[in-house]
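> This structure is in structure tokens; I'll ask about it shortly.
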Ligand SMILES: Cc1cc2nc3c(=O)[nH]c(=O)nc-3n(C[C@H](O)[C@H](O)[C@H](O)COP(=O)(O)OP(=O)(O)OC[C@H]3O[C@@H](n4cnc5c(N)ncnc54)[C@H](O)[C@@H]3O)c2cc1C
């Protein structure tokens, strides 16, 4: 079994060079996931000088760990949007997601991209009586929005289900093959791309933004924040207090691709199939706020047991992923704090394959000065009705409780014997003792917002329960938002 995403299987890419000089550009895109690469793609035919930087390798962030569904039947997102806004907004949201699926499909057809794109049906289901009313509500929403759909009891496979809503003409694809194909097209069209180039600061200087990397400066007229969880924004000030949700994923070999995708409406169980040389089932579950979901060993055990009992005994890959959640269940796409030259695309509520593609189109249209009919819907400056989006308080509470708990708890009961947190020279340190008995000592405090880090025994990393930064056992940051290491000299 590989502790890695199925999508990285057999993917070989030559690392692009990192930035080695100061540069000036019209548009700087920070981050090369589905959001950044789609934005670059839709700017490739303009006269603008466009640069994209990624702190790691393009496509290897959250977008490499998704389940790769392209659908508008997204658990109970439509119900939530109806509660937070109204049926008209739900209608526009569905339309926007269908439009995003078409954008991806058109790119695949126009550029002959081989990325296992497959049209199939989507289900939202439940095996619990108490949630059937939620699905009946979804049924009514779809009727009001004139969306062709069906009600059934079972999924096309033997899997616990009592009630399901089904729509046709949605899709699945191989997210990494798609992103890397867009990357190649962008490179051919003259977009400048640098890998292993991390933005560590962003400041305004006259008409330009100055983005600092470790050794260089980039002067840019316009900046697009496509880095998933923006690295320099203070969470409380980040539009609509967001939080991260973490889920665990596994994939294994099956006899046949059953040509559907499904997700439960609560207590997430997500299923899809994928055909390469062999047929695979992909399952995601155990979705909870990041801070409540840090015991990877236990969670993987539970996940693998569920997959073996219900889907396949032949598991080949397992991994985890997290995504940025918003209290009104709508993504955040557009001008950041109404700044005409600063853009953001994030907050996809685990539906970033459609919403990230859409973000690329919306942001590129805004940069080109073109109208985009969905821009107003996801505007980061939109007003959220706090009384309706009751979750907003929970979201705030979630972040604060996670922070406080991280401060109170140091050594978790699930830590292996060779891991401990203790004070050394007045500093709270995380200590990992390797097989040779060598101590690897790092600071236990995340440089981003000062949360205490939790050891991840599966990957042997120190992970932040608040905002998702990750560090290796020697303190090197391997995932933001932190841009600094936790090594102790
Ligand atoms: C378990 C799970 C399953 C999912 N399945 C689906 C699905 O089936 N369908 C769907 O639509 N969505 C799905 N999603 C959601 C989807 O994966 C994400 O919403 C999407 O990948 C986010 O894309 P992104 O471009 O914003 O971020 P990323 O893909 O993470 O890209 C951000 C990039 O920015 C770079 N970066 C970060 N900081 C810096 C910095 N300081 N300087 C330079 N570069 C930086 C990173 O290296 C990274 O490459 C799922 C999410 C989860 C958790």
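> With N set to the number of residues, divide the alpha-carbon radius of gyration of the chain by 2.2 N^0.38 Å and report two decimals.
Cα Rg divided by the expected 2.2 N^0.38 Å: 0.95.
> Continuing with this model, one more query. Quickly work out the residue 275-to-residue 337 label distance, labels modelled 7 Å from Cα along the C-beta direction, and quote it in nm with one decimal.
In this crude spin-label approximation the distance works out to 5.1 nm.
> Next question, about the same structure. Considering only C-alpha atoms, what is the centroid distance from the stretch 129-190 to the stretch 429-466, in Å?
If we compute the Cα centre of each part, the gap is 38 Å.
> How large is the helix-only mean residue ellipticity at 222 nm for the chain, computed as the sum of -39500 (n - 2.57) over DSSP H runs with n ≥ 4, divided by its residue count, in deg cm²/dmol to the nearest 500?
-8000 deg cm²/dmol
> Before anything else, pin down the relative contact order of the stretch 92-246: Cα pairs under 8 Å, at least 6 apart, normalised by residue count, whole percent.
The normalised contact order for the stretch 92-246 reaches 18 percent.
> Give me the percent relative contact order of the chain, please, defined on Cα pairs under 8 angstrom at least 6 residues apart.
18 percent
> Assuming 0.36 nm per residue, please report the length gained on full extension of the stretch residue 47 to residue 151 beyond their Cα-Cα distance.
Stretched fully, the residue 47-residue 151 segment lengthens by 32.5 nm.
> Looking at the P(r) of the stretch 409-479, how many percent of alpha-carbon pairs lie beyond 13 Å?
Here the long-distance tail beyond 13 Å is 60 percent of all Cα pairs in the stretch 409-479.
> What ranking do 280, 131 get, fewest neighbouring Cβ atoms within 10 angstrom at the top?
In order of increasing Cβ crowding within 10 Å: 131, 280.
> R0 = 30 Å: FRET efficiency of residue 434 with residue 196, Cβ-based, nearest 0.05?
Between residue 434 and residue 196 the formula returns 0.70.
> On full extension of the chain, what length is gained from residue 219 through residue 102, given 0.36 nm per residue of separation minus the C-alpha to C-alpha distance?
38.7 nm
> Another question, then. Among 184, 279, which comes first, second and so on when ranked by fewest other beta-carbon atoms within 10 Å?
The fewest-first ordering by Cβ neighbours comes to 184, 279.
> Report the full-extension gain for the segment residue 133 to residue 427: residue separation times 0.36 nm, less the Cα-Cα distance, to one decimal in nm.
100.6 nm
> How far apart, in nm, are the 7 Å Cα→Cβ label points at residue 314 and residue 26?
Once both label points are built, they end up 5.2 nm from each other.
> Moving on. Provide the FRET efficiency to the nearest 0.05 for the residue 458-residue 207 pair, computing r from the beta carbons and using R0 = 35 Å.
Given R0 = 35 Å and the Cβ-Cβ separation, E is 0.15.
> With label points built 7 Å along Cα→Cβ from the Cα atoms of residue 487 and residue 140, find their separation and express it in nm.
6.0 nm
> On to the next question. Before anything else, pin down the relative contact order of the stretch 237-322: Cα pairs under 8 Å, at least 6 apart, normalised by residue count, whole percent.
40 percent
> What order do you get for 424, 288 when you list them from fewest to most C-beta neighbours inside 10 Å?
Neighbour counts put them in this order, fewest first: 424, 288.
Since every read-out is calculated from the coordinates, none of them should be taken as a lab result. Computed from a prediction, not measured in an experiment: that's the story for all the values here. Reconstructed Cβ throughout: ideal geometry from the backbone, glycine too, with neighbour counts over all protein chains shown.
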